[in-house]
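Asker: I have a structure I would like to understand better, so I am pasting it below and will then ask my questions one at a time.
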Amino acid sequence: MAKRRTKKRTHVQQTEEDLKGIPKSMVIRVGQTSLSNHSLNQLVKDFRQIMQPHTAIKLKERKSNKLKDFVVMCGPLGVSHLFIFTQSEKTGNVSLKIARTPQGPTITFQVTDYSLGRDIKKYLRRPKSLNKEDVLDPPLLVLNGFNTIKKKDDESNAAKENAEKVVVSMFQNIFPPLNPARTQLNTIKRVFMINKDQETGEITMRHYFIDIKDVDISKNLNRLYKSKHNLSKSVPNLHRKEDISSLILDHDLNAYTSESEVDDDAIVRVVDKKDIRGKNINMVQKKQSSPENNDEDGDINMDGNAIEENHDEEESIVKKVVVEDDTPVVPRKKAIRLTELGPRLTLKLVKIEEGICSGKVLHHEFVEKSSAEVRILEKRHAAKMKLKEERKKEQEANIAKKKAVKEAKKQRKLERRKARELEQENEDGENKQSVESSDESDSDSSDHYSDVPEDLDSDLYSDVE
């Protein structure tokens, strides 16, 4: 099958610097208990749908894989975030760890409740399934309920405010930033909402699909418009209509494009770029077809310089027409509907630690320690890191020693092999000399009996007549 052609002239290709700035992620499961849980497996797959397109959608974990294996591969693959789902063997609680590679920090959440995408689709009247075109761009991230403003009067809550800043910065950096000047609105088709309840401190995650429909036109007109651009769409049935006008002017039947009533809060007035572009084109055409311009063109001489000046004047006139005409473009009414895709997650912050799941605990939601206990833990952590460095050096020395012994053994094997080859060559030379001497003796014996006639024995048994 032939490869599909990709557009290169009209599509802006991203440079290597832009690709490096895009955050990439991996959603994985770690632990024997989590790998055997089928519902958790489906939750991981649904969460990968949220993180598309910059995530490993077809990643498969093995029971032999450890967290270190994934961390090692983050550097070559350019992965910036790790979403780790684990399940406790004792309690069965599910936790989500979000780690920033390669230096951390790691935020641990307890998943108090979750719902899969297939469970949500069962309770929706008209569920939505994602296509390949819907996941070409990352979703729009919406954060609500997070308080990042530091209060001067409250010094006791400084640790919680700092922890909340870390959580907000982690959520903000999981998707590439939006540039309002370059981002097109029709590319934003999904919304990832993260809401925090100020009273309970729980964080809820929701994933929605954005559906935009026109409100000003009826459902029949919308169906005609769709059938024009897509031939597979059906045309409205006109057997009960006397004329096409009855179909267009009949607003009582199926007036709105949405199948249920549209709320007033969901209606938005939008100015399309197509309307602005069409308006500018019409103004340019009118200005070019006006009689004043035709008269001016007829009075100009046929010299080349005059023609160039006339061309410059026409360009300036067109630009002035486009800029000076300030007639407002009528915005269109559009209804925005959000259809939930799933999954749903309810999280609760547990702790924040340095590094990737191994380091000093910066904040713990349920455990508070005094300054003396913190100093003791820091000393213990420093001693642990010192012991770790010593063991690392010892391991490196042992590895170098084993490598030297292996190289010496290999050298001895090569020397023995060369000695055997020399012995074999000497034996082959001796055998060759013996063969040559035997050949010479055979040739001498044949020369000794060369004077004997060949028909010597021919008359020994001849018949006597």
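The values are calculated or read from the model by the stated rules, or taken from the named source; none is laboratory data. Being a predicted model, the structure only gives us computed values, none of them experimental. Note: ideal-geometry Cβ built from the backbone for every residue, glycine included; neighbour counts use all protein chains shown. When the accessible area is computed, the model is the full protein with side chains, heavy atoms only, and any ligands, DNA or RNA have been set aside. Shrake-Rupley method; radii C 1.70, N 1.55, O 1.52, S 1.80 Å.
Asker: Tell me the net charge near Glu202. Cut-off is 10 Å between Cβ atoms, Glu202 excluded, with +1 for each Lys or Arg and -1 for each Asp or Glu. Could you put the intermediate results ahead of the total?
Answerer: Numbers: positive: Lys196, Lys348; negative: Asp113, Asp197, Glu199.
Here the charged neighbours net out to -1.
Asker: Could I ask something else about it? Hey, what's segment 95-220 come to in accessible area per residue, 1.4 Å probe, Å²? Write down the numbers at each step before the final one.
Answerer: On the way: 7730 Å² over 126 residues.
Accessible area per residue: 61 Å².
Asker: Now for a separate question. Across segment 373-414, how many lysine pairs separated by 8 or more positions, or lying on different chains, have Cα atoms within less than 26 Å?
Answerer: Value for segment 373-414: 29.
Asker: Measuring from label point to label point, each 7 Å out along Cα→Cβ, what is the Lys432 to Arg417 span in nm?
Answerer: A separation of 2.3 nm, rounded to one decimal place.
Asker: Could you please put Arg190, Arg412 in sequence from largest to smallest accessible area, using a 1.4 Å probe?
Answerer: Working: Arg190 0, Arg412 120 Å².
Ranked from most to least accessible, the order is Arg412, Arg190.
Asker: Any idea how far apart Gln184 and Lys392 come out in nm if each label point goes 7 Å out from Cα toward Cβ?
Answerer: Calculated label separation equals 4.9 nm.
Asker: Once the other residues with Cβ under 15 Å from the Cβ of Ser115 are scored (Lys, Arg +1; Asp, Glu -1), what is the net sum? List each step's numbers first, then the result.
Answerer: On the way: positive: Lys45, Arg118, Lys121, Lys122, Arg206, Arg344; negative: Asp46, Asp113, Asp119, Glu202, Glu340.
Cβ neighbours under 15 Å give a net charge of +1.
Asker: May I pose another question? Going by accessible area, probe 1.4 Å, with all protein chains left in place, what is the ranking of Met385, Met170, largest first? Before the final figure, lay out each step's value.
Answerer: On the way: Met385 80, Met170 10 Å².
Listed by decreasing accessible area, they come as Met385, Met170.
Asker: Summarise the accessible area of segment 373-414 (1.4 Å probe, protein heavy atoms) by the percent that is carbon and sulfur.
Answerer: 57 percent
Asker: So with the 1.4 Å probe, I'd like the accessible area per residue for segment 373-414, rounded to whole Å².
Answerer: 102 Å²
Asker: Just to make sure I understand: if all protein chains stay in place, what is the order of Leu247, Leu130 by accessible area at 1.4 Å, largest first?
Answerer: Working: Leu247 5, Leu130 50 Å².
Largest to smallest exposure gives the sequence Leu130, Leu247.
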